[in-house]
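Q: I am attaching a structure below and will ask some questions about it afterwards.
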Amino acid sequence: MSEKTTAAPAQIPAGLEALGRLTEFDPRTLVLDPRNARTENVKPDHALLASVERIGVQEPISVRLLEDGTFGVFKGQRRWLAATAAAKKAAAKGAPVRPIPAFVREDLNGNDTEALLLSMVENTQRAPMTHRDTLNGAAQLELIGVTEADRRRAAGILGLKRESLRAAKQAAALSPEGLQDGARHAFDLTELADLQDVEEVSGAATRLAQARRQDAEAKGKNTRGHWQHAMASLRQERDEQRKRQAAVQALTDAGVKVLPRYSRSDDTAVALDQITTRLGKELNAKTHAQCAGHAARLDENAEPVYFCTDPEKNGHTLKNAPDTAEEAQAQDAARAERKRVLAQNKAARAAREVRTEFVAQLCKGKTLSDAAWTLVLTTVMNGSDTYRKFINRTQAKATAAVAKFTAGPAPEDNADDPFTALIQRTGKARRANLMMAQVAAAFEDEMHDKAWATKSGAQVMWLTFLEGEGYTLSAHESAILGRAAAPETAPTDPSSLTSEEEQQAPEADGPEEEAPEEEQADEADGPEEQAEGAAGQEAPEGAQEADGEAEEGDAEPEAGEGATAPQEAAQQE
């Protein structure tokens, strides 16, 4: 076959004759040289295919004349395959075929040994860009692009989605260890950016990789549901961790010794409200500050609880030490149950973050599904208890709840008609979305922190509906439907409890600690409304404890490794 060129051979500068004669070929006329050393990982990746399709092959390949008259590629196999794919695609559309630049090595005609050697040399001398270089390069493209069109073009050439290029700026801030973890799990730029947001949480990359595998195995509409739930939990832990670190630093700066987690085997520290002076006087942080044993531990809300490290040695008297082993065991059991309740409430808040975002998108969609229409009509027309309770709530709180799920500006300050302007702006095709927003707010009102304890029919109906719309249930939400045990986000071993929990067991029938105002659920506006849940059921013993957040657990979930490191989008091999 004769040589096919589309332009006159380029002039090679003096001293570069050894590279061969530079010319251009229709890539479809070339064949693979039997002496090409590369036999594995030869398929062009998405990034290389996108790059060649957009701007062609930028680095010439090397070919030689074979015995049958064809030209064989012995260097640059992946670039040639990408160019061939692009040529076939262009031809199918009736578009011009972009030629591929190539060095013709006439000195290698019939010299199989030298052709094989040079093929091996190319693949051993070419080192891929590091992951850090790729991230930094993508981040710089995002920063220096003159226009949005420039940035979109760059993303297309690199085979990236536009949001991936945006994510590169945050991903580039990953620590070396975080980048290594992300590469090990083959995270893309968007996933690396998420990892950067929570990398300070131990085991974050492993947990995200596990969530991604769960998403890959799921068959629902939401392909990132498990990932979103994992990110919500990790952000929650990150914020708790930062809060605790700040509290520890504040105590240290004040000269207060900060005690580690409680260990029954060797810890003699006792909380100040459990001891007195020898004369029976109460102790507090101020009156005890000069004691040699003055110290503090952080409770589940990162608030300091003050202790004496050795009351007996420092002349103090214990007030309520357990008299028997049975009493001590009962206190341990009560503290473990409190720990479980706090962990469940924490999981409920993390799930709510993801669910709220999904419901907002559902209510703002172009159309409602048949299932959504049915839910809206049956809820409103049948006057369900869930709906009646919600519309009878304090107007300001009900309005704010609905506004989370409506598109457009915030509702007006007019207490009587807060949504009048929104209704007037809304077209006929989207009026049903406003009703969906109100019904969604009513059902979300049922999903308070203790929904796991009440498990009303409305909660089950709502979660089942959302799952049908493509929402991915968290493990905690699945437990409400009775499908699986809710995860323990904190250990229940008494040895890992905070000192406040260890020294002060909560009263079983004591008052319930009030959650922050924005998190309180089913606030009663009338005598019939109960804070425990929509069904009016009383939460089981133990569920009445505080909504405070549990301490982070020590153990990290195990998960398998990812597949391969990310491909270097900008490199054409």
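Q: Looking only at segment 266-282, decide whether some residue is more than 30 Å from TRP227 (Cβ to Cβ), aliphatic (A, V, I, L, M) and open to solvent by 30 Å² or more (accessible area, probe 1.4 Å).
A: Step one: filter segment 266-282 for residues more than 30 Å from TRP227 (Cβ to Cβ), giving 266-282.
When the remaining residues are screened for being aliphatic (A, V, I, L, M), the result is 269-272, 275, 279.
Add one more test, that the residue is open to solvent by 30 Å² or more (accessible area, probe 1.4 Å), and what stays is 279.
Yes, segment 266-282 has at least one match.
Q: Now for a separate question. Would you confirm whether or not segment 220-232 contains a residue that is assigned to a loop (DSSP other than H, G, I, E, B) and either over 23 Å from PHE187 (Cβ atoms) or within 10 Å of the chain's Cα centre (by Cα) (or both)?
A: Quick first cut of segment 220-232, residues assigned to a loop (DSSP other than H, G, I, E, B) only: 220-224.
From the residues that got through so far, the ones that are either over 23 Å from PHE187 (Cβ atoms) or within 10 Å of the chain's Cα centre (by Cα) (or both) too are 224.
Scanning segment 220-232 turns up at least one residue that is assigned to a loop (DSSP other than H, G, I, E, B) and either over 23 Å from PHE187 (Cβ atoms) or within 10 Å of the chain's Cα centre (by Cα) (or both).
Q: Where residues in segment 258-311 are within 44 Å of the chain's Cα centre (by Cα), without any contact (Cβ under 8 Å) to a residue 60 or more places away in the chain and part of a strand (DSSP E or B), which of them is nearest to ALA247 (Cα to Cα)?
A: Among those residues, the one meeting the criterion is PRO304.
Q: Another one. Considering segment 46-73 alone, what residues qualify as being in contact (Cβ under 8 Å) with a residue 40 or more places away in the chain, open to solvent by 30 Å² or more (accessible area, probe 1.4 Å) and more than 17 Å from ASN111 (Cβ to Cβ)?
A: HIS46, LEU49, ARG54, ILE55, GLN58, GLU59, PRO60
Q: Tell me the residue from ALA396, ALA400 that is within 27 Å of GLY225 (Cβ to Cβ) and open to solvent by 40 Å² or more (accessible area, probe 1.4 Å), please.
A: Numbers: ALA396 fails: within 27 Å of GLY225 (Cβ to Cβ).
Going through ALA396, ALA400 in turn, just one is within 27 Å of GLY225 (Cβ to Cβ) and open to solvent by 40 Å² or more (accessible area, probe 1.4 Å): ALA400.
Q: Return a yes/no flag: does segment 341-351 have any residue that is in contact with a helix residue (DSSP H, G or I) (Cβ under 7 Å, 6 or more places away or on another chain) and either open to solvent by 40 Å² or more (accessible area, probe 1.4 Å) or more than 29 Å from GLY470 (Cα to Cα) (or both).
A: no
Q: Starting from segment 210-228, take each residue that is among the acidic types (Asp, Glu) and list its partners that are part of a loop (DSSP other than H, G, I, E, B) and at pLDDT below 85, counting only C-beta distances under 9 angstrom and pairs at least six apart or across chains.
A: Listed by first residue and then by second, the contacts come to ASP215/ASN222; ASP215/THR223.
Q: May I ask you to list the residues in segment 382-398 that are polar (S, T, N, Q), at pLDDT 85 or above and outside any loop (DSSP other than H, G, I, E, B)?
A: Initially, segment 382-398 is screened for residues polar (S, T, N, Q), giving 382, 384, 386, 392, 394-395.
Still in the list and also at pLDDT 85 or above: 382, 384, 386.
Passing the criteria: only THR386.
For every residue, the table says whether it meets (1) within 16 Å of LEU135 (Cα to Cα); (2) open to solvent by less than 60 Å² (accessible area, probe 1.4 Å); (3) assigned to a helix (DSSP H, G or I).
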residue	(1), (2), (3)
ALA167	yes, yes, yes
LEU174	yes, yes, no
LEU179	yes, yes, yes
THR190	yes, yes, yes
LEU195	yes, yes, yes
ALA209	no, yes, yes
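Q: For residues that are open to solvent by 60 Å² or more (accessible area, probe 1.4 Å) and not charged (D, E, K, R), tally how many sit in segment 375-393. First the steps, then the outcome.
A: Here is the first cut: in segment 375-393, the residues open to solvent by 60 Å² or more (accessible area, probe 1.4 Å) are 377-378, 381-382, 385, 388, 391-392.
When the remaining residues are screened for being not charged (D, E, K, R), the result is 377-378, 381-382, 391-392.
Within segment 375-393, residues that are open to solvent by 60 Å² or more (accessible area, probe 1.4 Å) and not charged (D, E, K, R) number 6.
Q: Kindly establish whether PRO311 is farther than 19 Å from ASP253 by Cβ, out of contact with any Phe, Trp or Tyr (no Cβ under 8 Å at 6 or more places or on another chain) and crowded, with 19+ Cβ neighbours inside 10 Å. Write out each step before concluding.
A: On the way: farther than 19 Å from ASP253 by Cβ: yes; out of contact with any Phe, Trp or Tyr (no Cβ under 8 Å at 6 or more places or on another chain): yes; crowded, with 19+ Cβ neighbours inside 10 Å: yes.
Spelling it out, PRO311 is indeed farther than 19 Å from ASP253 by Cβ, out of contact with any Phe, Trp or Tyr (no Cβ under 8 Å at 6 or more places or on another chain) and crowded, with 19+ Cβ neighbours inside 10 Å.
Q: On the basis of being at pLDDT below 80 and either open to solvent by less than 70 Å² (accessible area, probe 1.4 Å) or under 30 Å from SER369 (Cβ atoms) (or both), does GLY225 make the cut?
A: Details: at pLDDT below 80: no; either open to solvent by less than 70 Å² (accessible area, probe 1.4 Å) or under 30 Å from SER369 (Cβ atoms) (or both): yes.
When the stated conditions are applied, GLY225 does not pass them.
Q: Let me ask something additional. Going by the structure shown, is ALA115 farther than 20 Å from THR190 by Cβ, open to solvent by less than 20 Å² (accessible area, probe 1.4 Å) and at pLDDT 75 or above? Step through it out loud before you land on a result.
A: Working: farther than 20 Å from THR190 by Cβ: yes; open to solvent by less than 20 Å² (accessible area, probe 1.4 Å): yes; at pLDDT 75 or above: yes.
Considered against the rule, which asks whether it is farther than 20 Å from THR190 by Cβ, open to solvent by less than 20 Å² (accessible area, probe 1.4 Å) and at pLDDT 75 or above, ALA115 comes out as yes.
Q: A further question on this structure: Do we have any residue at all in segment 421-444 that's among the charged types (D, E, K, R) and modelled with pLDDT of 90 or more? Reasoning before the result, please.
A: Keep residues of segment 421-444 that are among the charged types (D, E, K, R), which gives 425, 428, 430-431, 444.
Right, trim to modelled with pLDDT of 90 or more and you get 444.
Yes, because at least one residue in segment 421-444 is among the charged types (D, E, K, R) and modelled with pLDDT of 90 or more.
Q: Turning to a different aspect of this structure: I'd like the full set of residues that are within 30 Å of ALA232 (Cβ to Cβ) and either polar (S, T, N, Q) or open to solvent by 40 Å² or more (accessible area, probe 1.4 Å) (or both), limited to segment 314-340. Full working, then the answer.
A: Residues of segment 314-340 that are within 30 Å of ALA232 (Cβ to Cβ), as a first pass: 334-340.
Within segment 314-340, GLU337, ARG340 qualify.
Q: Here is a further query. Given the criterion part of a helix (DSSP H, G or I) and at pLDDT below 70, identify the matching residue among LEU143, LEU135.
A: After ruling out the rest, the residue left standing is LEU143.
The values are calculated or read from the model by the stated rules, or taken from the named source; none is laboratory data. Treat the numbers as computed from the prediction; the structure is a model and nothing was measured. Every residue, glycine as well, gets a Cβ built from its backbone with ideal geometry; the counts of neighbours run over all protein chains shown. When the accessible area is computed, the model is the full protein with side chains, heavy atoms only, and any ligands, DNA or RNA have been set aside. Shrake-Rupley method; radii C 1.70, N 1.55, O 1.52, S 1.80 Å.
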